[in-house]
Amino acid sequence: MAICDSRMFLNYYRNAPDGRIVFGKSLGHFAFAGQVANYYEGPSHRAGEVEESFRNLYPMLDGMDIESSWTGPIDRSVDGLPFFGYLDNHPDILFGIGFSGQGVGPTVLGGKILASLALDQKDHWSNCGLVREGVDNFPVEPFRYVGSVLVREALRRKEGLEDRSRRTDPLTLAIANLAPVGYVPSKRD
Ligand SMILES: Cc1cc2nc3c(=O)[nH]c(=O)nc-3n(C[C@H](O)[C@H](O)[C@H](O)COP(=O)(O)OP(=O)(O)OC[C@H]3O[C@@H](n4cnc5c(N)ncnc54)[C@H](O)[C@@H]3O)c2cc1C
């Protein structure tokens with residue numbers, strides 16, 4: 001069984017067939033200028049924070065060891081939704097990107113969209129709203145990096161306060177609300 005909560009820094013976890021728990025958390029390290037280095041593969045550099053969330057959720061498993069940790073890169077679009085199309089000047093190359101860390105289900109949909117586009121079929125996959133041009137870009141560097149960190153820290157603070165049933169101050173809320181909502185637009189107050 002897979003479980004996830006509705007936070008932006010969501011906790012997600014599932015049981016493995018051998019009785020262990022696979023536990024994840026979106027904590028992300030931003031790549032300056034989109035340079036994805038080795039830092040994004042292998043053991044997590046934030047394993048301690050992930051473990052802390054796990055221990056908070058499962059205090060009854062306090063004596064249990066953590067066997068290993070792992071991390072991987074994800075991309076993000078400005079609105080949190082993927083987009084599909086033909087590469088500029090290369091109409092024979094299709095792309096589907098911007099899954100924004102939510103790709104397990106949507107990449108199945110993405111496969112159908114790409115297949116219809118590749119076969120030049122005019123159907124509800126190739127006509128779907130995710131096939132779009134003129135998608136907004138994030139600001140140029142260094143504003144992108146600095147802005148990403150600011151928004152992430154505001155979100156982290158907001159969700160930390162919510163965990164303790166405390167109200168978020170207006171400044172933190174205003175910055176946190178700049179984060180893309182993706183598939184689940186929510187009332188943000
Ligand atoms: C750390 C992390 C956390 C994530 N958390 C979530 C989440 O909570 N929820 C969610 O919905 N999504 C999440 N995602 C995103 C999700 O995992 C991906 O969007 C999704 O798996 C993409 O599916 P895919 O089939 O397109 O690609 P993949 O799952 O990457 O599959 C591609 C496959 O092709 C194989 N392959 C690659 N090149 C070759 C080759 N040349 N020859 C043969 N095989 C090849 C690879 O080995 C791989 O098995 C997360 C991603 C990461 C990295």
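Derivation of every value follows stated rules applied to the coordinates shown; laboratory data play no part. The shown structure was predicted, so the numbers you read here are calculated from the model rather than taken from an experiment. Virtual Cβ from ideal backbone geometry, glycine too; neighbours counted across all protein chains shown.
A few points about this structure:
- Failed criterion for Pro59 (all others in (1) surrounded by 14 or more Cβ atoms within 10 Å (Cβ to Cβ); (2) closer than 30 Å to Gly19 by Cα hold): (1)
- Residue, nearest to the ligand (Cβ to nearest atom), within the range 80-94, restricted to residues that are surrounded by 14 or more Cβ atoms within 10 Å (Cβ to Cβ) and either without any contact (Cβ under 8 Å) to a residue 40 or more places away in the chain or hydroxyl-bearing (Ser, Thr, Tyr) (or both): Leu94
- With respect to (1) surrounded by fewer than 14 Cβ atoms within 10 Å (Cβ to Cβ); (2) within 16 Å of the ligand (Cβ to nearest atom); (3) of a type in the set (Lys, Arg), the lone exception for Lys122 is condition (2).
- One residue from Asp65, Asp163 being more than 16 Å from the ligand (Cβ to nearest atom), of a type in the set (D, E, K, R), loosely packed, with under 12 Cβ neighbours inside 10 Å and closer than 17 Å to Met8 by Cα: Asp163
- For Asn56: the one exception among (1) more than 16 Å from the ligand (Cβ to nearest atom); (2) assigned to a loop (DSSP other than H, G, I, E, B); (3) under 27 Å from Asp163 (Cα atoms): (2)
- The set of residues in the range 1-29 that are farther than 18 Å from Val181 by Cα, part of a loop (DSSP other than H, G, I, E, B) and under 15 Å from the mean Cα position of the chain (by Cα) contains only His29.
- Residue ID - nearest to Glu67 (Cα to Cα), chosen from residues in the range 1-54 that are of a type in the set (S, T, N, Q) and in contact (Cβ under 8 Å) with a residue 60 or more places away in the chain: Ser26
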